[in-house]
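Chemist: Here you go, one structure.
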């Protein structure tokens, strides 16, 4: 999807973590395009790889195409079909509870920040609790903050080091938004919300004016919303940047 996303104004793509799929680093290294201003962000669970080896991989891809690879570090929510795969040596694994995984993430951030030989990768920490958030901030790492956490204002964010993650469900007008939102009560993910297109444009403008680094968009439900989001991004980028949208 990279070519299509780039043509529609996206600046990058997040490649999701998953045990039951092939390695994203290998695919990116093979297909990365030096001619595109486009970032390749790989999500990875911290307990599945060492800080040292993660840095080695990113440094190698940087030699192929500088400043294009990014890492989204996760504490490790897993799907039901991943629970019994195994393959982790150590005290923390897929079946560990969220507190243990968060504590491991905090140690991971401390370790990767102290490495002297290898350059640290361009790292974004997904923060769903204050302990991991504070560790990321302490070590100067950038964060991906869920929209539900952004709304509460409980996190002392550094705007230019923060990406807000959100799944907008876009409607053409307020009537459509009200009529449709009642159908999804109790079913939508925490970080999804109904917006009219104009409302979401204002939301993005507000993030930009506050100095946030960016926004990570996902479609929910995928079968109906992905295409709408891609179309919206092209419309928004064309409106804001005109001829400078990716061609």
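Chemist: According to a simple spin-label model (label point 7 Å from Cα along Cα-to-Cβ), what is the distance in nm between residue 202 and residue 151?
Modeler: 1.6
Chemist: Here's something else I'd like to know. If we count other beta carbons within 10 Å of each Cβ, what is the order of 229, 69, fewest first?
Modeler: 229, 69
Chemist: Then there is this: What do you get for the angle between helix 51-64 and the principal long axis of the chain? Use alpha-carbon atoms, 0 to 90 degrees, nearest ten.
Modeler: 60
Chemist: For residue 122, project a label point 7 Å along Cα to C-beta. Then give me every residue of segment 4-27 with its amide nitrogen under 16 Å of that point.
Modeler: 6, 10-15, 25
Chemist: What does the extension gain come out to for residue 226 and residue 34, with contour length at 0.36 nm per residue minus their alpha carbon separation?
Modeler: 66.5 nm
Chemist: At 1.567 mPa s and 4 °C, plugging the Kirkwood radius over alpha-carbon pairs of the chain into Stokes-Einstein gives what diffusion coefficient in µm²/s?
Modeler: Estimated via Stokes-Einstein, D reaches 67 µm²/s.
Chemist: Roughly what angle does helix 222-241 make with the longest principal axis of the chain, taking Cα atoms, 0 to 90 degrees, to the nearest 10?
Modeler: 80
Chemist: Considering Cα pairs under 8 angstrom that are at least six residues apart, work out the relative contact order of the chain and quote it in whole percent. Don't skip to the end; give the middle numbers.
Modeler: Details: 344 pairs, mean separation 42.8, N = 247.
In percent, rounded to a whole number, it is 17.
Chemist: Give me the angle, in degrees from 0 to 90, between the Cα long axis of helix 98-114 and the longest principal axis of the Cα atoms of the chain, rounded to the nearest 10.
Modeler: 70
Chemist: Additional query: With r defined as the distance between the Cβ atoms of residue 210 and residue 82 and R0 fixed at 30 Å, what FRET efficiency is calculated, to the nearest 0.05? Don't skip to the answer; put the middle values down first.
Modeler: On the way: r = 36 Å, r/R0 = 1.21.
That gives a FRET efficiency of 0.25.
Chemist: For 199, 225, what's the fewest-to-most ordering of other Cβ within 10 Å of each Cβ?
Modeler: Details: 199 16, 225 19.
The order, fewest Cβ neighbours first, is 199, 225.
Chemist: Given the Cα-Cα distance of residue 49 and residue 27 and 0.36 nm per residue of separation, how much length would full extension add, in nm? Don't jump to the answer; show the numbers that get you there.
Modeler: Values: separation 22, 0.36 × 22 = 7.92 nm, distance 1.78 nm.
Length gained, residue 49 through residue 27: 6.1 nm.
Bear in mind that the values in this text are calculations on the coordinates, not laboratory data. Since the model is a prediction, treat every value here as computed from it, not as a measurement. As a convention, Cβ positions derive from the backbone with ideal geometry for all residues, glycine included, and neighbour counts pool all protein chains shown.
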